Amino acid sequence: MLMFCPTCGNVLRVEEAVAGLRFACNTCPYIFNIVRRVSSRTYPKLKEVDDVLGGSAAWENVDSTEERCPKCSNPRAYFMQIQTRSADEPMTTFYKCCNPQCGHNWRD
């Protein structure tokens with residue numbers, strides 16, 4: 001976390017003091033004592049494959065091919081190809097099981 005001096009606007013540096021740590025300004029005599037340590041982390045929720053591809057509407061007009069579903073072993077799956085990496089890399093193929101009870105998504 002960056003703290004700025006309310007007097008001159010410079011970035012405050014962390015330094016050790018007798019009572020613990022404190023923020024101090026390099027150019028003026030401003031000092032802010034650190035009373036307690038505050039730390040928190042928030043991790044973003046990973047997106048599902050279907051969310052990345054545009055939801056269920058993206059699968060409405062796609063073709064199917066003979067690709068076995070790894071979850072239910074259905075012999076057919078819908079597929080679409082999207083360029084997910086740089087242009088010199090091959091396209092990524094995304095599959096969705098044709099079985100309406102399964103609907104498993106995976107990529108190749």
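The values are calculated or read from the model by the stated rules, or taken from the named source; none is laboratory data. Predicted model, so just to flag it, every value in this text is computed and none were measured. Cβ placement follows ideal geometry from the backbone for every residue including glycine, while neighbour counts extend to all protein chains displayed. Each accessible area value is taken on the protein alone, full model and side chains, heavy atoms only, with ligands, DNA and RNA left out. Shrake-Rupley method; radii C 1.70, N 1.55, O 1.52, S 1.80 Å.
Please name all residue pairs, on different chains or six or more residues apart, with Cβ atoms under 6 Å, provided the first residue is in the stretch 4-18 and is open to solvent by 100 Å² or more (accessible area, probe 1.4 Å) and the second residue is assigned to a loop (DSSP other than H, G, I, E, B). Pairs found: Thr7/Cys28; Thr7/Tyr30. For the stretch 70-81, state whether one or more residues are at pLDDT below 90, open to solvent by 50 Å² or more (accessible area, probe 1.4 Å) and in a loop (DSSP other than H, G, I, E, B). Checked against the condition, which is being at pLDDT below 90, open to solvent by 50 Å² or more (accessible area, probe 1.4 Å) and in a loop (DSSP other than H, G, I, E, B), the stretch 70-81 yields no hits at all.
Pairs meeting the criteria (first residue in the stretch 26-37 and under 13 Å from Glu15 (Cα atoms), second residue open to solvent by less than 80 Å² (accessible area, probe 1.4 Å) and in a strand (DSSP E or B), beta carbons under 6 Å, at least 6 apart or on different chains) are Ile31/Arg22; Ile31/Ala24; Phe32/Phe23; Asn33/Arg22; Ile34/Arg22.
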